[in-house]
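Taking it in order: structure first as structure tokens, then the write-up.
Read-outs: derived from the displayed coordinates by stated rules, not from any lab. Keep in mind the model is a prediction, meaning the values are calculated, not measured. Here the Cβ is made from the backbone with ideal geometry for all residues, glycine too, and neighbour counts use every protein chain on show.
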């Protein structure tokens, strides 16, 4: 029987791979026994990604949709990242044998390590269970970004009402899965990178997105830096987003469950990070995640999903701004599109494009905030029709596809998380700035918010909408 035929038979039959009895002995001469292994080049599979399975010194390559049974572990979905090993042999131009890196080449069969951000929510809890099941050596970390979440310290909302950082749930999951867990204090970094940016944006008449900045500056960056310091191989979170390969490089893609897709919040990830990131729930539908959560014993009926800003625990964001920046209450003029005075506002920080409530203006017609003008401390009001714009400029770019800076391109654009992507043409202006020409006018474009570019499932990058 040929080597290739033998591999196919074992894989297609769901061969149980303790990988210690004889099979590798027949491969002597290609590698040292116990230090490398063979993966067959099947018709339906290709050696593209790798994973070490718990209890065995083994790496497998799979395409999505093919299952290989490894001991008690079913590995059915490809790990969407470059393989962390070099090729040492080929079978008809495709990889046949893989050489394991030093950290896996030990008789103790060290598993690949992953640092998992655990907020205590359903998604990161299920991500932890999936990673453990897949054979990773998981280290759970909760980044404390705002209020103390200890049972002995009073907080403004019960844990089931908060959107993130439920430390008690994270600890419970870690104990259930028998993985280490710790809380890392990142409040100073969060204050400087997210809260101060949030306040400065509103004081300057823009509408910042703190979740985008948090992932960029605190959560993902903090996890990557902590993993570097501790020499941990991978970083994982419970975000709904996927990774794939294109021309040998990792790329970001929308989640399988488009209703839960969070790629809008993650477009500012750095390209060098992508090769070591894992998003275990990105290929799942939300009902599947809830089912996994029930298996963990989580109180799924109490774990409400919240869209609130995590650091705004009393009132709304306007209350928070007033408390943190008392100088924001600086009265100015409401004017119409022709500049006619309509009344006085409380301060430009409390108004955002598209807003209708809380204006305190009676003109006999329905008016909305059309534009905030910080230079004159003026808020322009207009009709629903006046809110639509067919173009905007974006800067402070983070692009996974640098070709967007070299010429015009047809893409889909999301200008806020809750609205669908819409077709547009983007074209470079000055260095670091792109102009978006929407095929259909968009309502209430808000300077300070992100515009994210897509082509099919792929995330191309994005930037911050500039003032008009």
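Okay, here's what the table says:
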quantity	calculated
Measure of compaction for the stretch 113-295 (Cα Rg per 2.2 N^0.38 Å)	1.02
Mean separation of Cα contacts under 8 Å (6+ apart) over length of the stretch 329-382, as relative contact order %	39
Antiparallel bridge percentage (DSSP; both residues within the stretch 329-382; nearest 5)	75
FRET efficiency, 1/(1 + (r/R0)^6) with R0 60 Å, evaluated for residue 386 and residue 230 via beta carbons	0.65
Sites residue 356 and residue 178 - FRET efficiency at Förster radius 45 Å, r taken between beta-carbons, to 0.05	0.30
Convex hull volume per residue for the stretch 307-440, taking Cα atoms only, in Å³	162
Antiparallel content of DSSP bridges confined to the stretch 185-301, in %, to 5	75
Rule-of-thumb Rg ratio for the stretch 197-244 [Cα; 2.2 N^0.38 Å; N residues]	1.50
Which of 406, 113 has the fewest Cβ neighbours within 10 Å, and the rest in rising order	406, 113
Largest-first ellipsoid semi-axes for the stretch 388-465, taking √(5λ) over the Cα gyration tensor eigenvalues, angstrom	17, 13, 12
The stretch 244-396: mean projected area of Cα convex hull, nm²	14.5
Order of 122, 281, 335 under a 10 Å beta carbon neighbour criterion, fewest first	335, 122, 281
Three principal axis lengths of the stretch 329-382 [C-alpha, angstrom, descending]	27, 21, 16
Computed lengthening from residue 375 to residue 422, 0.36 nm per intervening residue step minus Cα-Cα distance	13.8 nm
Fewest-first ranking of 214, 392, 310, using other Cβ atoms within 10 Å as the exposure measure	310, 392, 214
